[in-house]
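Below you'll find the structure, written out as structure tokens, and then a few comments.
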Amino acid sequence: FLPPSDLFNMSLTCKEFRSRVTTSMVVLSVLNETKKDTHAKTMLGHLGPLMKGNSIHCPSPLRLLFLLGTNFCEICHCVIRKLFHESETASTYGILVCSKQCLMRKYTLAFRKSWVRYYRNAQKYNMITRHPRILARPHWREEMLNMRFYLARRHWYSQKGEPIGALVTLQDVDAIAKEDAPDILSYLDRELNVPPAEKYREFLDACKLVEEHWELEAERAV
């Protein structure tokens, strides 16, 4: 295998090759990175927990290759010159977006626990926002205060039209809370048509192989 950046460059040259790219191929290509800390390894580390919780849209093989093999914004395709994958959008929502697009589009929206609709349905909202498939994160400065949490403002799509980021938005959380007996999984399937858990399996299995390889290398280095 080639490292992700070379694999991405090769995919640009041949349509037949692009059709043969698989999720496992992309994930395992990270093993061919010669440097210790690279963009591909960092991004894979961000995606792992999110994919394990089935809380973000499962990236197609080509989008996954784009995430690991480039430093381009998924929305406008500009070059991200700083290590923006270390920011909140990549680590929390599994997307690669430049600061300009974040400021223009404002990906997240704060849900305040001082709002009347939370006060009247606190038990429902707490149950919903703690579900593993729903990304509701406190601001890092307010984890101790627990006064508000952040959800995706709206559904985002890449330049190629593929859904990216969190499965559930603030509007979706409000809709689930309005139900008499909220059934989160039923709502996700019925209203959002989210990917089934099985679709994440190939990525997770490949990640497990990568982790085992890194653990073996660490043991040998001791």
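A few points about this structure:
- Residue pairs whose Cβ atoms lie under 6 Å apart, sitting 6 or more positions apart in sequence or on different chains, and linking a residue in the range 199-222 that is under 18 Å from Thr23 (Cα atoms) to a partner that is outside any helix (DSSP H, G or I), are Lys199/Cys58; Tyr200/Asn54; Tyr200/Cys58.
- Selected residue (criterion: nearest to the chain's Cα centre (by Cα)) from residues of the range 66-80 that are open to solvent by less than 20 Å² (accessible area, probe 1.4 Å) and closer than 15 Å to Pro3 by Cα: Leu67
- Filter result (surrounded by fewer than 12 Cβ atoms within 10 Å (Cβ to Cβ) and aliphatic (A, V, I, L, M)) within the range 157-196: Ala181, Leu185
- Those helices (runs of 4 or more DSSP H) lying entirely in the range 3-65 with at least 3 residues open to solvent by less than 60 Å² (accessible area, probe 1.4 Å): 4-11, 23-28, 39-52
- Scanning the range 117-129 for residues that are open to solvent by 60 Å² or more (accessible area, probe 1.4 Å) and under 13 Å from Ile176 (Cα atoms) yields Arg117, Gln123, Met127.
- Test for Leu135: is it part of a loop (DSSP other than H, G, I, E, B), of a type outside the set (Lys, Arg), surrounded by 14 or more Cβ atoms within 10 Å (Cβ to Cβ) and touching a strand residue (DSSP E or B) at 6+ places or on another chain (Cβ under 8 Å): yes
The values are calculated or read from the model by the stated rules, or taken from the named source; none is laboratory data. No experiment lies behind these values; they were computed from the predicted model shown. When we count neighbours, we look across all protein chains shown, and the Cβ atoms used for this are built from the backbone with ideal geometry, even at glycine. The area values use the complete protein model at the heavy-atom level, side chains included, leaving out ligands, DNA and RNA. Shrake-Rupley method; radii C 1.70, N 1.55, O 1.52, S 1.80 Å.
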